[in-house]
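Everything on this sheet refers to the single structure shown next.
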Amino acid sequence: MRLSLSVVFSSLAGYLLGVDTVDFQTLILLAFGGYFMVGASNAFNQIIEKDLDALMSRTQNRPIPSGRMSVNTAFVIASIFTLLGIMVLYSINKQTAMFGAISIFLYTCVYTPLKTKTPLAVFVGAIPGAIPFMLGWVAATNDFGIEPGTLFALQFFWQFPHFWAIGWFLYDDYKKAGFFMLPTGKQDRGTAVQTIMYTIWTMLVSIIPVFGFTGKLQLSIAAAVIVFGLGVWMLYYAVRLFKLMTVKAARQLMIVSVSYISLLQIVYVLDKFIR
């Protein structure tokens, strides 16, 4: 539920950035559609990985591996959520429904199987993970251009330090299931360096709107300074991971990364309505 709500939050932030006049009916539809979309992806994921989930401490109490729910029941729920999600998003506009369907497909049919094959799974998973922020803009405007593209790029680059931090502090648990989440496959300097690099890319993309290159997506100088400051905050913990190379440092980076993306989206939205 926490993951689903964070996705809904991103979608609503994107909607508020793209809309001229807030339509609360569309806002509610987007929230429910986004929630169903993520719920469907997670449900299918847990069906596919039921045997692997049973091997890991953090997932062995999920409904299927714990025996509280049958695979058939889970499949019915996942299918209903898929249909409801696409139908609700379609009622907003066709493009929103299309991106929602793409997200479910990539997460379920590409990202999930690749997790046991290659660290490139994180790259694939970053695509559906980055869709919600720009999905809100598409829902508001029925258009995909430079603005939602920038929102997508921002959340896309952010996914890497976020998931590599998770992959680091859950390395031993993931190893039980044979998941390859870190870019080098190990908790080493190479992974830490790439985490820093992608954090820097995230910081750079986050302030692009201040230069006026992104159409209607704009950012004031004051907001850009705040956003960049948030990036420096996350970069500090990425560098700290490089220095300490500990599970604790990785966990701290993960927590900061979640706070970073939420605060950034709040700053973006507030800046639009205050400016």
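The values are calculated or read from the model by the stated rules, or taken from the named source; none is laboratory data. From a predicted model like this one, the values you see are computed outputs, not experimental measurements. Cβ atoms come from the backbone with ideal geometry, glycine included; neighbour counts cover every protein chain shown. The area values use the complete protein model at the heavy-atom level, side chains included, leaving out ligands, DNA and RNA. Shrake-Rupley method; radii C 1.70, N 1.55, O 1.52, S 1.80 Å.
Scanning the range 214-268 for residues that are over 27 Å from VAL8 (Cα atoms), in a helix (DSSP H, G or I) and of a type in the set (Ser, Thr, Tyr) yields a count of 1.
Scanning the range 235-257 for residues that are under 16 Å from the mean Cα position of the chain (by Cα) and surrounded by 15 or more Cβ atoms within 10 Å (Cβ to Cβ) yields a count of 4. Residues that are open to solvent by 40 Å² or more (accessible area, probe 1.4 Å), part of a loop (DSSP other than H, G, I, E, B) and touching a helix residue (DSSP H, G or I) at 6+ places or on another chain (Cβ under 8 Å) within the range 21-62 comprise VAL22, LEU55, SER57, ARG58, GLN60, ARG62, listed in sequence order. Scanning the range 107-116 turns up no residue that is in a helix (DSSP H, G or I) and among the charged types (D, E, K, R). Identify the single condition in (1) within 22 Å of PHE179 (Cβ to Cβ); (2) of a type in the set (Ser, Thr, Tyr); (3) touching a Leu at 6+ places or on another chain (Cβ under 6 Å) that TYR15 does not satisfy, given that it satisfies every other one. Just one mismatch for TYR15, condition (1).
Going through ALA101, ALA78, ALA74 one at a time, which residue ends up being assigned to a helix (DSSP H, G or I), open to solvent by less than 30 Å² (accessible area, probe 1.4 Å), closer than 28 Å to TRP137 by Cβ and not β-branched (Val, Ile, Thr)? So the residue among ALA101, ALA78, ALA74 that is assigned to a helix (DSSP H, G or I), open to solvent by less than 30 Å² (accessible area, probe 1.4 Å), closer than 28 Å to TRP137 by Cβ and not β-branched (Val, Ile, Thr) is ALA78. Tell me, yes or no, whether the range 171-186 has at least one residue that is among the polar types (S, T, N, Q), out of contact with any Lys or Arg (no Cβ under 9 Å at 6 or more places or on another chain) and assigned to a helix (DSSP H, G or I). No, there is no match, as no residue in the range 171-186 is among the polar types (S, T, N, Q), out of contact with any Lys or Arg (no Cβ under 9 Å at 6 or more places or on another chain) and assigned to a helix (DSSP H, G or I).
Only one entry of THR184, THR191 meets the criterion of being under 30 Å from ASP51 (Cβ atoms), touching a residue at least 12 places away in the same chain (Cβ under 8 Å), of a type in the set (Ser, Thr, Tyr) and touching a Leu at 6+ places or on another chain (Cβ under 9 Å), and that entry is THR191. Within the range 249-269, how many residues turn out to be over 14 Å from THR199 (Cβ atoms) and in contact with a helix residue (DSSP H, G or I) (Cβ under 8 Å, 6 or more places away or on another chain)? The number of residues fulfilling the criteria is 8.
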